[in-house]
Amino acid sequence: MPLLRLPHTPYLPTSAPALANLLLSLSAARSLPKGQQLHAHLLKSGLLSSPATATRPLSNHLITFYARCGLPLLSRAAFDDSPSPRPAAAWSSLLASLAQNGLPLPAIAAFRSMLLVAVPPSDRSLPSAAKAAAALSSPSLARSLHALALKTPFAEDVFVVSSLVDMYAKSALLAEARRLFDLMPHRNVVSWSTIIYGYAEAGLDADALRLFKMALAELEPPGVNDFTYSCIIRVCSTATLLELGSSIHAHCFKTSFDSSPFVGSSLISLYSKCGLVEEAYELFDQMPDRNIGAWNAILIASAQHGHIHVAFHRFQEMKAAGFSPNFITFLCLLTACSHAGLVDEGKRYFALTSEYGIEPGAQHYAAMVDLLSRAGRITEAVAFIEEMPIEPTESVWGALITGCRIHKDADTAAYAATKLFETGSSSSGAHMLLSNAYAAAGRYADAAQARKAMRDRGVRKETGLSWLETAGKVHTFVSGDRRHPRSDEIYAVLEEVGERMEKAGYVPDTSQVLRDVGGEEKRAAIWYHSERLAIGLGFLVVPEGQPIRVMKNLRVCVDCHTAIKYLSKCTGRAIVLRDNNRFHRFEDGACSCGDYW
DNA sequence: TTAGGGTTAG
């Protein structure tokens, strides 16, 4: 680090290239005060426009210095200080600073100003403009920027086209993104990662995986990188593709990308989401380099698996390691508290956000409402919502309805549902939450009405699905499913165990069945819920001694939860069930969630 | 001076 004594220093270099180098090292060290003093000095001495290199005056280095310090407005001040007419490089630097630092609208405005003063768009300015457009997610802006790029000599430049692909993908124009990508004469690892990420974000897992395989085949060594890996591992974890994910893990190991904290974080998430929390812990403990994401990943892993005190302990360790908790860290902690019903701890963590300068977002409020209402403090939850400084979102009201269902408070549920619909939501979840809350309170007519309202609005209920992965194949079931080739065996084994369960004291709880029908019919309605069918297949195909791992897209119902406890007791099998919220590990008649979920 | 950006839950 060169020493710098400012402002009355005799030691400042006088040549422009040396001053440029000085700025470079100041930006690497994020040394803002010294950089600003240097800025003042350059202004006073009139050195600002001296060329540091053939194409870049010193003012450009200043713009970049402020960009690296995360201060786009000071970049703009430096730009404004530079004498007009500004060279194309000055515009590119300014655009990069605005686009990289979260100011997409000013970036687009600056791009327009650049065109107005007749500076032609280049391979340096177009990518930044596209990045800003991507952040704005505006299809019309995306199309016009693309049209503009086609008129330049850079329509096939790999930077320009990659940025346009990303822009289309983020503007809900994935098909356009793909068309552009397919036409690219030259694709590199960034282009591939961009399109894979686009498909992954859109939830098109199969396409993302196909593209990943194509990338492996097409790219010259060194091939894909840590970004591509973390992206595709995330696809495996949302789709709970454990076997595929593990084989990609092996690839990472061979290429040493597993030491990247980003790859490590997504692997932790993969193993945790697939139910292998011990593997997730081991991976974390062996990580050579941890970042905040890795800490958050391990926090959420322990929270999802009900290891609440592990999560709290990790939080202490994280702080001791010098990491400052962020927005997501607090979500992890509040989720952990919610899973265990720890209201006081949750309040403490919520209050702690301000100590770290974090403004709680809607998700934090939703987590608090979830915590309070699940714990039965419905009135307190309502009061909490009323005092929120921001507008309550769909998930805040949804959390309240869930709590109301558990505690059979149909009136508050109805109030929350009205509020929820006022937010303009049309998701099936909202209607189903309300309908279930009515059914739980025994108000079947209202429950039916809520479902009818949902149909009238043309909203379809999300189908409950459960699945089990075995020998690299995923078997999916819906309630009452008879499509599986081993269906007869599955039903037979469930019937057989069912008799033993009832002898052991299991009584079906049909209170969550919506229709007001007779007992036998209600029993049939729940006896073959999708998760039980998947577990039934598990009895047939998963070797003794290994846990049966089943995934479900919706929340597990009260009766299935009870039934699976009996299933584990009567068969001596461990059953791991992941619902849309958390993990349940059933063993010897008990569940790891402590019946609180 | 230019493109992808990772962890929450959904």
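A compact table of results
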read-out: Criterion (in contact (Cβ under 8 Å) with a residue 12 or more places away in the chain, among the small types (G, A, S) and within 8 Å of DNA strand B (Cβ to nearest atom)) met by exactly one of A:S302, A:S272; value: A:S272
read-out: Segment A:560-573 residues that are touching a residue at least 40 places away in the same chain (Cβ under 8 Å) and open to solvent by 10 Å² or more (accessible area, probe 1.4 Å), paired with ones that are assigned to a helix (DSSP H, G or I) and of a type in the set (D, E, K, R) (beta carbon under 7 Å, 6 or more apart); value: A:C570/A:R500
read-out: Considering residues of segment A:238-254 that are in a helix (DSSP H, G or I) and within 14 Å of DNA strand B (Cβ to nearest atom) only, the residue nearest to A:D579 (Cα to Cα); value: A:T238
read-out: Complete set of residues in segment A:146-157 that are open to solvent by less than 30 Å² (accessible area, probe 1.4 Å) and among the hydrophobic types (A, V, I, L, M, F, W, C); value: A:A149
read-out: Scope segment A:255-278; condition open to solvent by less than 10 Å² (accessible area, probe 1.4 Å) and assigned to a helix (DSSP H, G or I); matching residues; value: A:V263, A:G264, A:L267, A:I268, A:L270, A:S272
read-out: Residue in segment A:379-388 that is of a type outside the set (A, V, I, L, M) and touching a residue at least 60 places away in the same chain (Cβ under 8 Å) present; value: no
read-out: Selected residue [assigned to a helix (DSSP H, G or I), under 29 Å from A:S25 (Cβ atoms) and away from DNA strand B (no atom under 11 Å from the Cβ)] from A:R143, A:R76, A:R112; value: A:R76
read-out: Subset of segment A:366-386 [touching a Ser or Thr at 6+ places or on another chain (Cβ under 8 Å) and either open to solvent by 10 Å² or more (accessible area, probe 1.4 Å) or within 16 Å of DNA strand B (Cβ to nearest atom) (or both)]; value: A:A366, A:A367, A:D370, A:L371, A:S373, A:R374, A:I378, A:V382
read-out: Positions within segment A:401-427 being more than 14 Å from DNA strand B (Cβ to nearest atom), closer than 17 Å to A:A440 by Cβ and of a type outside the set (D, E, K, R), in sequence order; value: A:C404, A:I406, A:H407, A:A410, A:T412, A:A413, A:A414, A:Y415, A:A416, A:A417
read-out: Criterion: at pLDDT 80 or above, among the hydroxyl-bearing types (S, T, Y) and in the same structural domain as A:G376 (by TED's automatic domain parsing) - qualifying residue of A:Y438, A:Y506, A:Y491, A:Y415; value: A:Y415
read-out: Residue among A:T476, A:T418, A:T463, A:T470 that is open to solvent by less than 40 Å² (accessible area, probe 1.4 Å), under 35 Å from the mean Cα position of the chain (by Cα) and among the β-branched types (V, I, T); value: A:T470
read-out: Residue list for segment A:211-229, restricted to those being within 13 Å of A:H251 (Cβ to Cβ) and in a helix (DSSP H, G or I); value: A:F212, A:K213, A:A215, A:L216, A:D226, A:T228, A:Y229
read-out: Selection from segment A:286-298 of residues that are surrounded by 23 or more Cβ atoms within 10 Å (Cβ to Cβ) and more than 8 Å from DNA strand B (Cβ to nearest atom); value: A:I298
read-out: Pair list, Cβ < 6 Å and 6+ apart or interchain, from segment A:23-34 residues that are open to solvent by 30 Å² or more (accessible area, probe 1.4 Å) to residues that are of a type in the set (A, V, I, L, M); value: A:K34/A:L4; A:K34/A:L26
read-out: Subset of segment A:124-140 (residues that are open to solvent by less than 50 Å² (accessible area, probe 1.4 Å), more than 8 Å from DNA strand B (Cβ to nearest atom) and polar (S, T, N, Q)); value: A:S138
read-out: The listed residue being away from DNA strand B (no atom under 14 Å from the Cβ), in contact (Cβ under 8 Å) with a residue 40 or more places away in the chain and not charged (D, E, K, R), out of A:G341, A:G346; value: A:G341
read-out: Yes/no for A:F159 being of a type in the set (A, V, I, L, M, F, W, C), closer than 19 Å to A:L183 by Cα, part of a loop (DSSP other than H, G, I, E, B) and within 12 Å of DNA strand B (Cβ to nearest atom); value: no
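For every residue, the table says whether it meets (1) of a type in the set (A, V, I, L, M); (2) outside the structural domain of A:H584 (by TED's automatic domain parsing); (3) closer than 22 Å to A:S487 by Cα; (4) modelled with pLDDT of 85 or more.
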residue: A:E502; (1), (2), (3), (4): no, no, no, yes
residue: A:L514; (1), (2), (3), (4): yes, no, no, no
residue: A:G519; (1), (2), (3), (4): no, no, no, no
residue: A:K522; (1), (2), (3), (4): no, no, yes, no
residue: A:R532; (1), (2), (3), (4): no, no, yes, yes
residue: A:G545; (1), (2), (3), (4): no, no, no, yes
residue: A:A563; (1), (2), (3), (4): yes, no, yes, yes
residue: A:G572; (1), (2), (3), (4): no, no, no, yes
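Residue by residue, here is whether (1) out of contact with any strand residue (DSSP E or B) (no Cβ under 8 Å at 6 or more places or on another chain); (2) open to solvent by less than 30 Å² (accessible area, probe 1.4 Å); (3) on the phi > 0 side of the Ramachandran plot; (4) away from DNA strand B (no atom under 12 Å from the Cβ) holds:
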{"site": "A:D166", "(1), (2), (3), (4)": "yes, no, no, no"}
{"site": "A:K170", "(1), (2), (3), (4)": "yes, no, no, no"}
{"site": "A:L173", "(1), (2), (3), (4)": "yes, yes, no, yes"}
{"site": "A:R178", "(1), (2), (3), (4)": "yes, no, no, yes"}
{"site": "A:F181", "(1), (2), (3), (4)": "yes, yes, no, no"}
{"site": "A:M184", "(1), (2), (3), (4)": "yes, yes, no, no"}
{"site": "A:I195", "(1), (2), (3), (4)": "yes, yes, no, no"}
{"site": "A:L204", "(1), (2), (3), (4)": "yes, no, no, yes"}
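The values are calculated or read from the model by the stated rules, or taken from the named source; none is laboratory data. None of these values were measured; they are calculated from a predicted model. Note that each Cβ is placed from the backbone with ideal geometry, even for glycine, and that neighbours are counted across all protein chains shown. Just the protein is used for accessible areas: all its heavy atoms, side chains included, with ligands, DNA and RNA removed. Shrake-Rupley method; radii C 1.70, N 1.55, O 1.52, S 1.80 Å.
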